[in-house]
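What follows is a single structure, written as structure tokens, with notes after it.
The numbers here are math on the coordinates, done by the rules we state, and not lab data. The shown structure was predicted, so the numbers you read here are calculated from the model rather than taken from an experiment. For neighbour counting, all protein chains shown are included, and Cβ atoms are generated from backbone atoms with ideal geometry for every residue, glycine included.
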Amino acid sequence: MEKFDVVIIGSGPGGYVAAIRSGQLGLKTALVEKCKELGGTCLNVGCIPSKALLTSSDHLMFAKKEAAKHGIVIDGARADLTKMQERKNKVVKTFNSGVRSLMKTNKVTVIEGLGTISDGFRRPRHNQRAGKSFDQIVQRRDTRDRDEKHRHSHGECAGGIAVREI
Ligand SMILES: Cc1cc2nc3c(=O)[nH]c(=O)nc-3n(C[C@H](O)[C@H](O)[C@H](O)COP(=O)(O)OP(=O)(O)OC[C@H]3O[C@@H](n4cnc5c(N)ncnc54)[C@H](O)[C@@H]3O)c2cc1C
């Protein structure tokens, strides 16, 4: 069974940034993602696609309402929703492959599958579906937990991420 120093469940902004840092620190790192594409909510259905579509609507509003004030005549400006979606999908894909190549650069092994933490926190973790086991986990923490006491009892914290040895 392949062993890792650190395993991170979830490839959203919390997960992939932690994976990059862990790789940079020289730890043998795995990133487990249940979805086909990396990047989580932000890249796939949240921040990135919504801003891509907002940019398109912004351009349309300029063409319809503002351009004439600048002496620019744009007749018949209208939305082509299929094209807008295509552009948005292209933006998302670019970011998806960006994250994937960052994983490669930082020697992070990407595992597609559902990550589970078995047997509480005291024994090595097993991802039975992928046949992997782990000695460390990275867990997203609520920012309110980031006090000295927490740091002391849970290991080193950075930006809401705690890494602890078990
Ligand atoms: C429409 C929309 C617009 C947004 N716009 C902005 C914005 O402009 N700016 C901003 O800062 N934030 C924005 N957000 C919020 C932002 O998307 C989230 O704050 C951010 O994605 C949280 O990152 P995360 O890594 O914690 O979780 P997520 O991005 O949700 O990633 C979690 C990942 O873990 C995976 N996962 C979960 N459980 C498992 C498991 N057991 N095994 C394997 N994989 C698992 C999921 O598939 C997912 O890929 C927006 C959100 C939405 C919905």
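Each semi-axis of the equivalent ellipsoid for the range 1-50 is √(5λ) with λ an eigenvalue of the Cα gyration tensor; in descending order they amount to 23, 12, 6 Å. Straight-line reach from residue 88: taking Cα to Cα under 19 Å and skipping same-chain neighbours fewer than 8 places apart, the lysines in range are 36, 51. By the count of other C-beta atoms within 10 Å, a proxy for reagent exposure, 45, 91, 32 are ordered fewest to most as 45, 91, 32.
Fully extending the segment from residue 82 to residue 117, taken as 0.36 nm per residue of separation minus the present Cα-Cα distance, adds 8.4 nm.
For the range 112-117, 3J(HN,Hα) computed residue by residue from phi via the Karplus equation (6.51, -1.76, 1.60; θ = phi - 60°) reads 8, x, 8, x, 10, 10 Hz, glycine and proline entered as x. Residues 97, 11 in ascending order of nearby Cβ atoms (within 10 Å, fewest first): 97, 11.
Based on the Kirkwood radius over alpha-carbon pairs, what is the Stokes-Einstein translational diffusion coefficient of the range 44-119 at 4 °C with 1.567 mPa s viscosity, in µm²/s?
Working: Rh = 15.6 Å.
Rounded to a whole number, D works out at 83 µm²/s.
If r is the Cβ-Cβ distance from residue 3 to residue 104 and R0 is 30 Å, what FRET efficiency results, to the nearest 0.05? Efficiency computed from Cβ-Cβ geometry: 0.90.
Distance between the 7 Å Cα→Cβ label points at residue 60 and residue 35: 2.4 nm. Taken along the Cα-to-beta-carbon direction at a fixed 7 Å, the label points for residue 70 and residue 51 span 2.2 nm.
Sorted ascending by nearby beta carbons within 10 Å, beginning with the fewest, 4, 62, 95 become 62, 95, 4.
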